[in-house]
């Protein structure tokens, strides 16, 4: 499916339904930060990325790495792609970029959402070819098995094929998929990991962020 027919892969500013300009103001704040600072690690994505800064793991694991967090709650792939193409990646050259997006693309199929994520991968790796891109697998959601989990698994399977098949289409990108760590043997997700069965708790963030930090450290040592 081409980007022309897949709206998940067409950069689109979020419609300001509430009229408070909050989304564009957050984006402008991020762009200003990008102009003022020189991050070694950049996190981009939706609320699961954004809320990371509210927990100890951010201050403990990632802030010492000179990290910036450009997560905005509610973003779909097309919204993040717009932000990246409109200032978020200008004037910075991070060594590592961490990407997590896709769970909010409710009006798109798994194939379309995957196409949106690939559009972000392509733009990011073209824009900053010196950076290593860690693409996080979309995390599961819902206490019990459900159709959205099936959709997310399909997205992550497609990302695995894209990023793990050799020769690699995007040599500087890799998949970091922690989604299976949240599904218990009986198929349930614990509220101890996701308080609303979507957003992570303190324990949930630590489950993702500690191995993610280990991988970032490995990359930084290589550079």
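Take the residues of the stretch 182-223 that are part of a loop (DSSP other than H, G, I, E, B) and in contact with a helix residue (DSSP H, G or I) (Cβ under 7 Å, 6 or more places away or on another chain): which is surrounded by the fewest Cβ atoms within 10 Å (Cβ to Cβ)?
Taking the stretch 182-223 as the starting set, the residues that turn out to be part of a loop (DSSP other than H, G, I, E, B) are 183-193, 195-199, 201, 223.
Applying the additional criterion that residues be in contact with a helix residue (DSSP H, G or I) (Cβ under 7 Å, 6 or more places away or on another chain) yields 189, 192-193, 199.
Values: 189: 21, 192: 11, 193: 22, 199: 16.
Among them, the one singled out is 192.
Exactly one of (1) part of a helix (DSSP H, G or I); (2) crowded, with 22+ Cβ neighbours inside 10 Å is unmet by residue 125. Its number?
The number of the failed condition is (2).
Please work out which residue is farthest from residue 116 (Cα to Cα), limiting yourself to the stretch 84-97 and to residues that are in a helix (DSSP H, G or I) and more than 15 Å from the chain's Cα centre (by Cα).
Quick first cut of the stretch 84-97, residues in a helix (DSSP H, G or I) only: 84-88.
Add one more test, that the residue is more than 15 Å from the chain's Cα centre (by Cα), and what stays is 85-87.
Details: 85: 14, 86: 17, 87: 19 Å.
Filtering the stretch 84-97 for residues that are in a helix (DSSP H, G or I) and more than 15 Å from the chain's Cα centre (by Cα), the one farthest from residue 116 (Cα to Cα) comes out as 87.
If you take the residues of the stretch 38-83 that are outside any helix (DSSP H, G or I) and without any contact (Cβ under 8 Å) to a residue 40 or more places away in the chain, which of them is farthest from the chain's Cα centre (by Cα)?
Ranking the qualifying residues of the stretch 38-83, first place goes to 66.
Any idea which of (1) within 20 Å of residue 209 (Cβ to Cβ); (2) surrounded by fewer than 16 Cβ atoms within 10 Å (Cβ to Cβ) is the one residue 143 doesn't satisfy?
So the condition that residue 143 fails would be (1).
Only one of 155, 117 is farther than 16 Å from residue 200 by Cβ and either touching a strand residue (DSSP E or B) at 6+ places or on another chain (Cβ under 8 Å) or outside any helix (DSSP H, G or I) (or both). Can you tell me which?
Numbers: 155 fails: either touching a strand residue (DSSP E or B) at 6+ places or on another chain (Cβ under 8 Å) or outside any helix (DSSP H, G or I) (or both).
Within the list 155, 117, the selection yields 117.
Given the options 175, 148, name the one that is part of a helix (DSSP H, G or I), without any contact (Cβ under 8 Å) to a residue 60 or more places away in the chain and within 18 Å of residue 46 (Cα to Cα).
Criteria check complete, one pass: 148.
Restricting attention to the stretch 1-37, which residues are within 15 Å of residue 76 (Cα to Cα), outside any loop (DSSP other than H, G, I, E, B) and free of Cβ contacts under 8 Å to residues at least 24 places away in the same chain?
24 - this is the single residue of the stretch 1-37 that is within 15 Å of residue 76 (Cα to Cα), outside any loop (DSSP other than H, G, I, E, B) and free of Cβ contacts under 8 Å to residues at least 24 places away in the same chain.
Matching residues to (1) touching a residue at least 24 places away in the same chain (Cβ under 8 Å); (2) under 25 Å from residue 87 (Cα atoms); (3) not in a helix (DSSP H, G or I):
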residue	(1), (2), (3)
129	yes, yes, yes
133	yes, yes, yes
141	yes, no, yes
159	yes, no, no
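Laboratory data are not the source of any read-out in this text; all were calculated from the coordinates shown. Computed from a predicted model, the values in this text were never measured in an experiment. Cβ: placed from backbone, ideal geometry, glycine included. Neighbour counts: every protein chain shown.
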